[in-house]
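Participant: Pasting in a structure now, in C-alpha cells, and then I'll have a few things to ask.
Bear in mind that the values in this text are calculations on the coordinates, not laboratory data. None of these values were measured; they are calculated from a predicted model. Note: ideal-geometry Cβ built from the backbone for every residue, glycine included; neighbour counts use all protein chains shown.
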Amino acid sequence: MNPLSHRGQAKAAEAADWLAAAVFASLPWSTSATGILIFCWIVAVLPTLSRSLLLEHLRRPAVFLPLALWALLCLGMLWSDKSWSESLDGLKHFHKLLVLPLLIIHFSRSERGLRAFGVFVVSSIVLLLYSWASWWWPSLVYGNRAPGVPVKDYIFQGTNFVLSACVLCHVALVYLRDGKHLYAGLCAALVALFAANVVFVSISRTALISFLVLLLVVGYQHFGKKGALALTAIFIIVCAVGWTTSSDFRTRVMEVSQAFVEEAEAPTSTGQRLMFWRKSLEVIQHRPLFGYGTGALTDLFVPDKPGEKLDPFVGPNNPHNQTFAVGIQVGLVGVALLYLMWAAHLVLFVGQSWPARFGLLIVLQNIVNSLFNSHLSDFTAGWLYVFGVGALAGALHAAREASPLRAGSPAAAEPEDQRLVSGAVR
C-alpha cells in the first residue's frame, strides 16, 4: 500500500478507525495492549494528514489549548532544578495531549467516532460481568488481585463503570421516552449492575462523587430539575443500602472522617492526600507564577512521620490533584491553560446529540476526578479522556458538517435522539 496515494490514504484512515475502536476495547483491560494499539493508531493516521487540514483545525481552542499546555511543560524543563532525565520523566505524562488534536482531526472526517466509543461501553460491560463473577468465585481472579477487581485497580474500574453507567442511563431514558420498554429495561438493569458494583465491589469514593455529579447532569438534560432530583434520590437510596449492608463501604466512607483525627492509629489514603495537598499549597506559594519546572514532583512528597509508609495507591511523585500536579511544575500559568482546555471541551459538548452528551460526561468526570487524583496525568484515565474527547469531538464536528446535506432527507425529519439510537443499534 502506497500511503501517499488516494487509495492508500483511504485504507490508512479505515485502519485508524478500527485501531481506535481496539484502543477503546483495551482500555478497561490492559495497559500494554493500549500502549501498543495507540502507537499503531498514530502510525496509521499520520499519512492521512495534510498541512492545510492541520492549520484549519489548529484555529479551534479545543485543539490548540492541549498543545499549548504541552508546550509550556516543555519550556518548564528549562527552569527546572531536576536533571534532564527527571524532567523528561515528568513531561512523558503529558505526551498524550499531542494525540488529542490528531483524534479530533481524524474523526471529523470519519463516521465511526461514536461507534468507536460505543466499543468502550461494550468492553466495560464484559468487564462488569467478569468482575461480578470473580467476586462470587474468587478462583477466577488471576494472580494476587482482589476478588471483584480482576484487572488494573479499583480506582479506574470505578471510573470506568461510572462513565459506562451514565452513558447507558442516557440511552435508557431515550428508549423509555420512545416507548421501547424492553430496551430501556435492559439498559436500566446494566446501570443497576454498574452502580451496585461501585457500591459493593470496587468501592471508590472518587467514583461515588463523580457518579452523583454525572447523574445530576443526565437527569437535568432529560427532565430538568425534577429529573436531577429523581436520579439523585435513587443514588442516595443505593448508597444507603450499601451503608447498611456492606462493612467495606462503611469503612471506606468513615476513612474520610478519620483523616481529620490526629489520633488515628494508622494513616489512611485520605489523610495522606490531605498531607500532600497541604504541602502542595506551601510549595506553590514560593513560586506561584511559573512553578519549579517540569519534573519537580520527583521525591517532593514524603511521609510526615519517620517510618510511616505510604498507601500503595499514593505515590511519592503524585499530589493526587491535577491542579497541583500542573501548578507545582509550571505555576498558575499552567493551571490557567489546564482550566481553559477543560472549559473549551465543556463548551464544545454543549448540545443534545449523542456525541455531545457522552463527551460532556467524559470531561465532567475528568474534572471531578482530578480533584482527588491526577487523572489527566495517569495513564489509563488520561488516555480515556484523550480518546473519548477526541473521538466524540470529531464525531460532533462530522455530524455538524454533514447535517446541511441531509436536510432534505427523510431521516432528517426524525427526532435526533431516535435517529442516533437507530443508527447505533444498526
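Participant: How do 133-139, 391-397 rank on mean C-beta neighbours within 10 Å, highest first?
Facilitator: 391-397, 133-139
Participant: Still on this structure, please answer the following. Report the Cα-based extents of segment 124-181 along its three principal axes, largest first, to the nearest Å.
Facilitator: Projected onto its principal axes, the Cα set of segment 124-181 covers 46, 20, 12 Å.
Participant: Would you work out the relative contact order for segment 318-380, in percent, from Cα pairs under 8 angstrom that are 6 or more residues apart?
Facilitator: Reported as a whole number, the value is 46 percent.
Participant: Fewest Cβ neighbours within 10 Å first, please rank Thr298, Thr159, Thr380 accordingly.
Facilitator: With the sparsest Cβ surroundings first, the list reads Thr298, Thr380, Thr159.
Participant: Could you work out the relative contact order of segment 57-404, using alpha carbon pairs under 8 angstrom and six or more residues apart, expressed as a whole percent?
Facilitator: Across segment 57-404, relative contact order equals 26 percent.
Participant: Once you place label points 7 Å from the Cα toward the Cβ at Val241 and Ala192, how far apart are they in nm?
Facilitator: 0.7 nm
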